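Asks: Below you'll find the structure I mean.
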Amino acid sequence: MKLFGWCRDKYRFMGIRAVRRKRVGNGVLFLFLCLIPVLYISSKIIYIQNKFARNKNFDTKHIDDDIRNAVRGLSVVHAGPSDKSVVILASEIYDVGGHTECIKNIILSWPNDWKTAIFFTRLTTSQHDAAYNFDFLSQRAHVSGIDFKGMFLYKRKLYSAYKQIIAMCPRIVLAFTHPDDVFGAMLLCMLQKSGIKILFYNHMSHSATLGMSFADLILEGTATTAEITRVQRGFNNTAVVGLPYLPLRCLPKFSDDDISGMRQKLGAGPDNILTISGADVNKFFDMDNNTSPYFEMIRTLLERNPNMRHVMLTDKLNITQQNILHSIFEKTDVGQRLHIIPRTPDYKIIFKCADVFIDSFPVSSALTQIDLISLGVANVIKINRENPMWTFHEYMPENYPFAFDNVPDMINGIEKLMYDEKLRHEIAESNYQFFIDNYEGTKWCKKLLGLMNDK
């Protein structure tokens, strides 16, 4: 128990609960001292946060209107002559995950004659929880930010953040803010008023998102997400750009000895077929029905192929997920050839060890597809026709022959690749050329600048 500080809306002093806070609708906050109400506060930013939490659809333009009203009265300056400078506005970063990797890829790929900067709205969290990636970015771009965790003095902090970004004289602000980042959306509103071009990358395409109203251009990964943004979010200013990836010069290279050594560490002998998957743990489960069609498929594959070993890079399973996994494998011993290991920043050498990579489902993994085609690894994908926001087969070449609508066909496709090394190489080479033409970092950034110049 904490002796001092806030814990679940209670403030303890010497271990004794001294103050309690209670939030109600419309941004109202009550503070109680020994059960006696002593302070009443109403905050626009809390009101907007609560309104967003209650929102049940993708259309958030009415909440963006509230954001626009909340910053009314804050003075903005018209941006003067801009440098060749881009500022990435992000909420925070993590040690693993595609969102952070995309930001790193852009910094590595942006033209050298431009200045690059990153501004975080949750600076300290990024420093502490993603120290490796924070240091990586700090060595390659100007990194700054602010911490906004509550509601007090939000206008003062907002104006301070605005002035810091304006001082960088950016020609472009590229938004990578989280869907619920009210503070970040307020910043975008002010920056747009100053005449700075705003590009908004829709990195959470399956979620309602704040701040799109303030974008000159909304960047989409696929044609499906662009259509959702047009129809359900109500914005027509979209462009399909795919995902930003590493420039050619930064692609990792692994020797045969590197790969064979890692395969041994993963428990794969010379006679084993090694299949690999990697994603957030929730992408492998259908929690609405307490099932995992993915793990049921893996069990079938292990039963049919005794020389197969399957490795998963994912997070720790919660109790419910552990129970589902146990129920699937409890009546068979093939689970001994299923190895689950933690996700790691050095995941690419592990991916490269796969004879066949099996994508997660019911929720696919977007950046993983680009990882694999850049590494020259043959991958098999399950298309989610029921929920197109959860499938990312569109990142692959059109009519990709190893993207399947159903599990039986997917199993056949996996086994076809497992036992045909020549076919695996042909698929890998074809996919790599597709990567060079569509996702290589410097080409991606040049495409983005071309779109901006057309606006």
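The values are calculated or read from the model by the stated rules, or taken from the named source; none is laboratory data. All values reported here derive from a predicted model rather than from experimental measurement. Here the Cβ positions follow ideal geometry from the backbone for every residue, glycine too, while neighbour counts run over all protein chains shown.
Asks: Looking at this structure, is Ala279 buried (at least 17 other Cβ atoms within 10 Å of the Cβ), over 20 Å from Asn105 (Cβ atoms) and not aromatic (Phe, Trp, Tyr)? Lay out the reasoning, then the answer.
Replies: Details: buried (at least 17 other Cβ atoms within 10 Å of the Cβ): yes; over 20 Å from Asn105 (Cβ atoms): no; not aromatic (Phe, Trp, Tyr): yes.
The answer is no for Ala279.
Asks: Give region 199-224 a look and list any residue that's β-branched (Val, Ile, Thr) and either surrounded by 21 or more Cβ atoms within 10 Å (Cβ to Cβ) or not assigned by TED's automatic domain parsing to the domain that holds Ser85 (or both), or say none.
Replies: Correct list: Thr209, Ile218, Thr222.
Asks: Right, Ser75: assigned by TED's automatic domain parsing to the domain that holds Val143 and either closer than 18 Å to Met212 by Cβ or at pLDDT below 65 (or both) or not? Show your work before the answer.
Replies: Values: assigned by TED's automatic domain parsing to the domain that holds Val143: yes; either closer than 18 Å to Met212 by Cβ or at pLDDT below 65 (or both): no.
So Ser75 fails the test.
Asks: Look through region 229-240, keep the residues that are surrounded by fewer than 19 Cβ atoms within 10 Å (Cβ to Cβ) and of a type in the set (A, V, I, L, M, F, W, C), and return whichever of them is nearest to Phe58 (Cα to Cα). Show your work before the answer.
Replies: Here is the first cut: in region 229-240, the residues surrounded by fewer than 19 Cβ atoms within 10 Å (Cβ to Cβ) are 230-232, 234, 236-237, 239-240.
Within this subset, residues satisfying the condition of being of a type in the set (A, V, I, L, M, F, W, C) are 231, 239-240.
Details: Val231: 10, Ala239: 18, Val240: 19 Å.
Residue satisfying both the conditions and the ranking: Val231.
Asks: Could you pull out every one of the helices (runs of 4 or more DSSP H) wholly within region 265-379 that has 2 or more residues that are touching a Leu at 6+ places or on another chain (Cβ under 8 Å) and farther than 20 Å from Asp405 by Cα? Walk me through it before giving the result.
Replies: On the way: elements: 293-304, 319-329, 347-352, 366-375.
Where helices (runs of 4 or more DSSP H) fall fully within region 265-379 and carry at least 2 residues being touching a Leu at 6+ places or on another chain (Cβ under 8 Å) and farther than 20 Å from Asp405 by Cα, they are 319-329, 347-352, 366-375.
Asks: So, one more: Which residue, of Ile381, Ile298, Ile373, Ile319, is without any contact (Cβ under 8 Å) to a residue 40 or more places away in the chain, crowded, with 21+ Cβ neighbours inside 10 Å and either over 17 Å from the mean Cα position of the chain (by Cα) or within 30 Å of Arg249 (Cα to Cα) (or both)? Reasoning before the result, please.
Replies: Values: Ile298 fails: without any contact (Cβ under 8 Å) to a residue 40 or more places away in the chain; Ile373 fails: without any contact (Cβ under 8 Å) to a residue 40 or more places away in the chain; Ile319 fails: crowded, with 21+ Cβ neighbours inside 10 Å.
Step by step, each of Ile381, Ile298, Ile373, Ile319 is checked, and only Ile381 is without any contact (Cβ under 8 Å) to a residue 40 or more places away in the chain, crowded, with 21+ Cβ neighbours inside 10 Å and either over 17 Å from the mean Cα position of the chain (by Cα) or within 30 Å of Arg249 (Cα to Cα) (or both).
Asks: Then there is this: If a residue counts only when it is buried (at least 22 other Cβ atoms within 10 Å of the Cβ), touching a residue at least 40 places away in the same chain (Cβ under 8 Å) and out of contact with any Pro (no Cβ under 8 Å at 6 or more places or on another chain), which strands (runs of 3 or more DSSP E) contained entirely in region 101-188 have at least 3 such residues? Reasoning before the result, please.
Replies: Details: elements: 115-120, 142-145, 172-176.
Once the strands (runs of 3 or more DSSP E) in region 101-188 are filtered for at least 3 residues that are buried (at least 22 other Cβ atoms within 10 Å of the Cβ), touching a residue at least 40 places away in the same chain (Cβ under 8 Å) and out of contact with any Pro (no Cβ under 8 Å at 6 or more places or on another chain), what remains is 172-176.
Asks: Can you find a residue that is in a helix (DSSP H, G or I), within 23 Å of Pro111 (Cβ to Cβ) and either of a type in the set (Lys, Arg) or under 20 Å from the mean Cα position of the chain (by Cα) (or both) anywhere in region 236-252? Break it down stepwise before answering.
Replies: Within region 236-252, the subset in a helix (DSSP H, G or I) is 248-250.
Subsequent filtering for residues that are within 23 Å of Pro111 (Cβ to Cβ) retains 248-250.
Imposing the further condition that a residue be either of a type in the set (Lys, Arg) or under 20 Å from the mean Cα position of the chain (by Cα) (or both) reduces the set to 249.
Checked against the condition, which is being in a helix (DSSP H, G or I), within 23 Å of Pro111 (Cβ to Cβ) and either of a type in the set (Lys, Arg) or under 20 Å from the mean Cα position of the chain (by Cα) (or both), region 236-252 yields at least one hit.
Asks: Going by what's in this entry, would Asp355 be described as of a type outside the set (A, V, I, L, M, F, W, C) and either under 19 Å from the mean Cα position of the chain (by Cα) or not assigned by TED's automatic domain parsing to the domain that holds Thr291 (or both)? Lay out the reasoning, then the answer.
Replies: Details: of a type outside the set (A, V, I, L, M, F, W, C): yes; either under 19 Å from the mean Cα position of the chain (by Cα) or not assigned by TED's automatic domain parsing to the domain that holds Thr291 (or both): no.
For Asp355, the condition - of a type outside the set (A, V, I, L, M, F, W, C) and either under 19 Å from the mean Cα position of the chain (by Cα) or not assigned by TED's automatic domain parsing to the domain that holds Thr291 (or both) - is not met.
Asks: So is Phe148 over 16 Å from Leu449 (Cβ atoms), assigned by TED's automatic domain parsing to the domain that holds Ala167 and touching a Ser or Thr at 6+ places or on another chain (Cβ under 9 Å) or not?
Replies: yes
Asks: Are any residues in region 109-163 of a type outside the set (Gly, Ala, Ser) and at positive phi, and if so, which ones? Reasoning before the result, please.
Replies: From region 109-163, those of a type outside the set (Gly, Ala, Ser) are 110-116, 118-125, 127-129, 132-137, 139-140, 142-143, 146-149, 151-159, 162-163; that's our starting set.
Scanning region 109-163 gives a single hit, Leu153.
Asks: Of the residues Ala354, Ala428, only one is buried (at least 20 other Cβ atoms within 10 Å of the Cβ), farther than 26 Å from Asp288 by Cβ and among the small types (Gly, Ala, Ser); which? Full working, then the answer.
Replies: Numbers: Ala428 fails: buried (at least 20 other Cβ atoms within 10 Å of the Cβ).
The conditions single out Ala354.
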